[in-house]
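Here's the structure, in structure tokens; my notes come after.
The values are calculated or read from the model by the stated rules, or taken from the named source; none is laboratory data. These figures come from a predicted structure and were not determined experimentally. For neighbour counting, all protein chains shown are included, and Cβ atoms are generated from backbone atoms with ideal geometry for every residue, glycine included. For accessibility, only protein heavy atoms count, side chains too; no ligands or nucleic acids. Shrake-Rupley method; radii C 1.70, N 1.55, O 1.52, S 1.80 Å.
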Amino acid sequence: MLSAEYIERALSLARLALGHTSPNPAVGAVVVKEGIVVGRGYTQPAGSDHAEVIALRQAGDKAKGATMYVTLEPCCHYGRTPPCTQAIINAGISEVQIALLDPNPLVSGRGVRELEEAGIKTYVGMYQEEAYEINEAYIKFITTGLPFVIAKFAMSLDGKIATKTGHSKWISNEAARNHIHTLRHIADAIMVGVNTVIIDNPRLTARGCCGKGGETKKQPLRLIVDSNGRTPLDAQLFKQPGKTLLATVKPFDREKKRRLAQIGVGVLELPGVGGLVDLEELFKVLGRRGIVTVLVEGGGKLLGSLFDHRLVDKVLAFISPIIIGGNEAKTAVGGDGVDNVVEALCLERVNIKNFGDNILVSGCVKRGP
């Protein structure tokens, strides 16, 4: 088996960790001795073992003289767990193949140096793009302190997210909707605007494998952007497992805040800009609370504001082969928009995936010129 295949195995393991490790990165590791995989592992929830330690434990004495393939540079500092570099050195590993350097200032290059100083050969860069994509949210968070913002919407072929009467169930097909539950499972928070809550009355939960089998044990934070406190107290999402937070402009009505507290809903009072929640300040607060990934599910007004303020990092657009029409039908992205096409936001690293007759177009927002 070639080295590339072992890194591919490590990448597959890292993907299994997505949704379980935040605020830590999702990492996969494979230990190989004389062409045989003797250990494998992926990062456990924060405070538990890292991928490298699990793989080494599984390898046992066979780790001596073996090669480790790992998707992210091993940590070299004490956090909630001891440094992985020391565990690798103590195990007698002779070579480490690393897909991507860790941009964390506490690690960035130091992990490689520690291994090399201990006489371990290191190689960096194989499958770097794939490793980067797995941890794109972590990378933004660890370098800026801000969450990675994903704008998700499902629309008709003519760009509508609802009819002129507000009806929207279901624009996307079942396969696409099941995939959305996988996305929710990976995210730390799901964000919606108050109009989406009032009109659609969603639950905003992550349900089972591929959307089946009821709610999962891990539920993302449900976050409502509600500048004027219009969210109904009997909204469905207040009755679901997990935590809900309402972001509003301060000062907020004390009585409604008390009633929300009685049903377990937190209220985050923020400065207003033009009477609306200051979204930049909101993301700063979320970052300080350790929220790494925010999945924004609508509606058009909230998405428009996020795009207008250049706060979106990635776009997931599900497109259904239907035509809704109507001048008054809602479009996926509202806001002010741009005056000229050359000013439009562009996506890079674009991928296209089919879910039956639905198409998912995804890509990251291009920054700079």
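Across region 321-369, the number of residues qualifying as closer than 25 Å to I199 by Cβ, charged (D, E, K, R) and without any contact (Cβ under 8 Å) to a residue 40 or more places away in the chain comes to 1.
Given the criteria out of contact with any strand residue (DSSP E or B) (no Cβ under 6 Å at 6 or more places or on another chain) and buried (at least 24 other Cβ atoms within 10 Å of the Cβ), does P45 qualify? Even if it seems obvious, please write down each step before you answer.
On the way: out of contact with any strand residue (DSSP E or B) (no Cβ under 6 Å at 6 or more places or on another chain): yes; buried (at least 24 other Cβ atoms within 10 Å of the Cβ): no.
Criteria not met by P45.
Check whether at least one residue in region 302-317 is closer than 26 Å to E174 by Cβ, more than 18 Å from the chain's Cα centre (by Cα), in contact (Cβ under 8 Å) with a residue 24 or more places away in the chain and crowded, with 18+ Cβ neighbours inside 10 Å, and report yes or no. Yes, region 302-317 has at least one match. Within region 84-99, does at least one residue satisfy the condition of being buried (at least 23 other Cβ atoms within 10 Å of the Cβ) and under 24 Å from the mean Cα position of the chain (by Cα)? Yes: region 84-99 contains one or more residues that are buried (at least 23 other Cβ atoms within 10 Å of the Cβ) and under 24 Å from the mean Cα position of the chain (by Cα). The single condition among (1) more than 30 Å from T143 (Cα to Cα); (2) in contact (Cβ under 8 Å) with a residue 24 or more places away in the chain; (3) more than 18 Å from the chain's Cα centre (by Cα) that K257 does not satisfy is (2).
Out of region 325-369, which residues are within 13 Å of K160 (Cβ to Cβ) and loosely packed, with under 15 Cβ neighbours inside 10 Å? Before you say what the answer is, go through the steps one by one.
The first filter runs over region 325-369 and keeps only residues within 13 Å of K160 (Cβ to Cβ), leaving 325-334.
Within region 325-369, G325, G326, N327, E328 meet the criteria.
Within region 1-21, the set of residues being open to solvent by 50 Å² or more (accessible area, probe 1.4 Å) and over 21 Å from T85 (Cα atoms) comprises M1, L2, E5, E8, S12, R15, L16, H20. Just wondering, is there one or more residues in region 5-15 that are assigned to a strand (DSSP E or B), within 15 Å of Q97 (Cα to Cα) and in contact (Cβ under 8 Å) with a residue 60 or more places away in the chain? Checked against the condition, which is being assigned to a strand (DSSP E or B), within 15 Å of Q97 (Cα to Cα) and in contact (Cβ under 8 Å) with a residue 60 or more places away in the chain, region 5-15 yields no hits at all. Restricting to region 17-48, name every residue that is among the aliphatic types (A, V, I, L, M), more than 29 Å from L183 (Cα to Cα) and touching a residue at least 12 places away in the same chain (Cβ under 8 Å). Matches in region 17-48: V31, V32, V37, V38. Within region 158-170, one or more residues are more than 22 Å from P45 (Cα to Cα) and among the aliphatic types (A, V, I, L, M).
Would you check if G266 is surrounded by 14 or more Cβ atoms within 10 Å (Cβ to Cβ) and in contact with a strand residue (DSSP E or B) (Cβ under 6 Å, 6 or more places away or on another chain)? It is true that G266 is surrounded by 14 or more Cβ atoms within 10 Å (Cβ to Cβ) and in contact with a strand residue (DSSP E or B) (Cβ under 6 Å, 6 or more places away or on another chain). Among the residues of region 194-210, those that are in contact with a Lys or Arg (Cβ under 6 Å, 6 or more places away or on another chain) and either open to solvent by less than 10 Å² (accessible area, probe 1.4 Å) or at pLDDT below 90 (or both) comprise L204, A206. Here E269 meets the list (1) assigned to a strand (DSSP E or B); (2) closer than 24 Å to N135 by Cα almost entirely, failing just condition (2). Answer with yes or no whether I322 is in contact with a Leu (Cβ under 9 Å, 6 or more places away or on another chain), closer than 15 Å to K160 by Cβ, open to solvent by 60 Å² or more (accessible area, probe 1.4 Å) and of a type in the set (V, I, T). Yes; evaluated as a whole, the condition is true for this residue. Here Y69 fits the description: among the hydroxyl-bearing types (S, T, Y), assigned to a strand (DSSP E or B) and open to solvent by 10 Å² or more (accessible area, probe 1.4 Å). The criterion of being within 30 Å of I324 (Cα to Cα), of a type in the set (K, R) and touching a residue at least 60 places away in the same chain (Cβ under 8 Å) does not hold for R222. Check whether at least one residue in region 49-57 is assigned to a helix (DSSP H, G or I), out of contact with any Lys or Arg (no Cβ under 8 Å at 6 or more places or on another chain), touching a residue at least 12 places away in the same chain (Cβ under 8 Å) and surrounded by fewer than 18 Cβ atoms within 10 Å (Cβ to Cβ), and report yes or no. Looking for residues that are assigned to a helix (DSSP H, G or I), out of contact with any Lys or Arg (no Cβ under 8 Å at 6 or more places or on another chain), touching a residue at least 12 places away in the same chain (Cβ under 8 Å) and surrounded by fewer than 18 Cβ atoms within 10 Å (Cβ to Cβ), one finds at least one in region 49-57, hence yes.
Every condition in (1) free of Cβ contacts under 8 Å to residues at least 40 places away in the same chain; (2) surrounded by 14 or more Cβ atoms within 10 Å (Cβ to Cβ) is met by E116 except one, and the failing one is (2).
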